[in-house]
Amino acid sequence: MENLKYRVIYEYEFHRGTSAAETARRINDVYGGGVTKENTVRFWFQRFRSGNFDLRNKPRGRPDTKVDNEELKAIVEADPSQTTPELAAGCGVSDKIVLIHLKQTGKVKKLERWVPHELSETNRQTRVDCCVTLLNRHNNEGILNRIITCDEKWILYDNRKRSSQWLNPGEPAKSCPKRKLTQKKLLVSVWWTSAGVVHYSFLKSGLTITADVYCQQLQVMMEKLAAKQPRLINRSRPLLLHDNARPHTAQQTATKLGELQLECLRHPPYSPDLAPTDYHFFRNLDNFLQGKKFNSDGAVQTAFKDFIDSRPNSFF
């Protein structure tokens, strides 16, 4: 009953547009510290975004070993960056059970996102059609230098990983601190062209990318693009390449793109391997961050700037 009371507040704050972090803080301020956690609120917010507003617990009895696949799929698609332990904690089952059900829904972890494990024949043909269309357009118009592309990524505070070591017989391996399952992280959004980075921004803790946030970022990006590459704005017209995440395809975003006179290039669904920010920019960023550990948002932001500053022109 006590949990249900807090869940009613979760739903109320969700509809008000309050962040998960702010919701948890407000509840703890009123009812006492520790009665709820940000991760718990975040899980329920993700559930609400998937369209499920049932606040009740599942019937008690034997420990849950099953998960509603459709509900799990909706929660994952609401935030593809969630880890297996986070999903398991939210569903009240083990990591192993979550992995079984993710496999049943056809999801696999790829480039830090849960994406379909196998593409259907239609998906494959769509990928081919998109690629051929873009290639033909580039051959006819030379559009490569007109493209501005973007994406979002969580940067972890702790980027140390265990790795194999070459050792002499009997020599103990060097220890590596075990990372926390739910460690701190910071979300960065970046826009770039063949001439370099146009704009990047970090989202405040507890917030996620919504259509409203994305539209605000688009406005700022276009203002910076006009200042940094005026010829692209005034003569050539930029072409936006982004994936099919919900904030990118929302009606509010479509209206904003029309207002900015920004043409979107077609991008096939479930294709992070065809998005330059995923397969190129973020992959190199991961290599740059490997082994690094940060203790503040400012340190993360400085490291990201150092990464950009260290890239040669040929990188873009």
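The values are calculated or read from the model by the stated rules, or taken from the named source; none is laboratory data. What you see is a predicted model, and the numbers here were worked out from it, not measured in a lab. Counting neighbours? That spans all protein chains shown, and the Cβs are built from the backbone with ideal geometry, glycine included.
Here is a yes/no grid of residues against (1) closer than 22 Å to residue 184 by Cβ; (2) among the small types (Gly, Ala, Ser):
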position	(1), (2)
13	no, no
16	no, no
32	no, yes
37	yes, no
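Would you confirm, using the coordinates I've provided, whether residue 257 is surrounded by 14 or more Cβ atoms within 10 Å (Cβ to Cβ), outside any loop (DSSP other than H, G, I, E, B), more than 20 Å from the chain's Cα centre (by Cα) and not β-branched (Val, Ile, Thr)?
yes
If you check 302, 277, 210, which single one turns out to be touching a Phe, Trp or Tyr at 6+ places or on another chain (Cβ under 8 Å), in the same structural domain as residue 148 (by the TED database) and either on the phi < 0 side of the Ramachandran plot or touching a residue at least 60 places away in the same chain (Cβ under 8 Å) (or both)?
Sole residue among the options that is touching a Phe, Trp or Tyr at 6+ places or on another chain (Cβ under 8 Å), in the same structural domain as residue 148 (by the TED database) and either on the phi < 0 side of the Ramachandran plot or touching a residue at least 60 places away in the same chain (Cβ under 8 Å) (or both): 277.
Identify, please: which residue in the stretch 189-246 is among the charged types (D, E, K, R), assigned to a loop (DSSP other than H, G, I, E, B) and within 30 Å of residue 14 (Cα to Cα) and is, among those, modelled with the lowest pLDDT?
Here the answer is 204.
Out of 228, 204, which single residue is among the charged types (D, E, K, R) and surrounded by 15 or more Cβ atoms within 10 Å (Cβ to Cβ)?
Among 228, 204, only 228 is among the charged types (D, E, K, R) and surrounded by 15 or more Cβ atoms within 10 Å (Cβ to Cβ).
Got a sec? Which strands (runs of 3 or more DSSP E) wholly within the stretch 83-163 have at least 3 residues that are at pLDDT 70 or above?
Result: 147-156.
Go through the stretch 11-23 and give me each residue that's over 20 Å from the mean Cα position of the chain (by Cα) and without any contact (Cβ under 8 Å) to a residue 40 or more places away in the chain.
12, 13, 15, 16, 23, listed by residue number.
This table checks each residue for (1) loosely packed, with under 12 Cβ neighbours inside 10 Å; (2) touching a Phe, Trp or Tyr at 6+ places or on another chain (Cβ under 9 Å); (3) within 26 Å of residue 158 (Cβ to Cβ).
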site	(1), (2), (3)
241	no, no, no
246	no, no, no
264	no, no, no
268	no, no, no
282	no, no, yes
288	no, yes, yes
314	yes, no, no
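A quick yes/no check of all residues on (1) outside any loop (DSSP other than H, G, I, E, B); (2) modelled with pLDDT under 80; (3) outside the structural domain of residue 246 (by the TED database); (4) surrounded by 17 or more Cβ atoms within 10 Å (Cβ to Cβ):
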position	(1), (2), (3), (4)
27	yes, no, yes, yes
30	yes, no, yes, no
33	no, yes, yes, no
36	no, no, yes, yes
56	no, yes, yes, no
60	no, yes, yes, no
81	no, yes, yes, no
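So is residue 274 crowded, with 17+ Cβ neighbours inside 10 Å, under 21 Å from residue 198 (Cα atoms) and aliphatic (A, V, I, L, M) or not?
no
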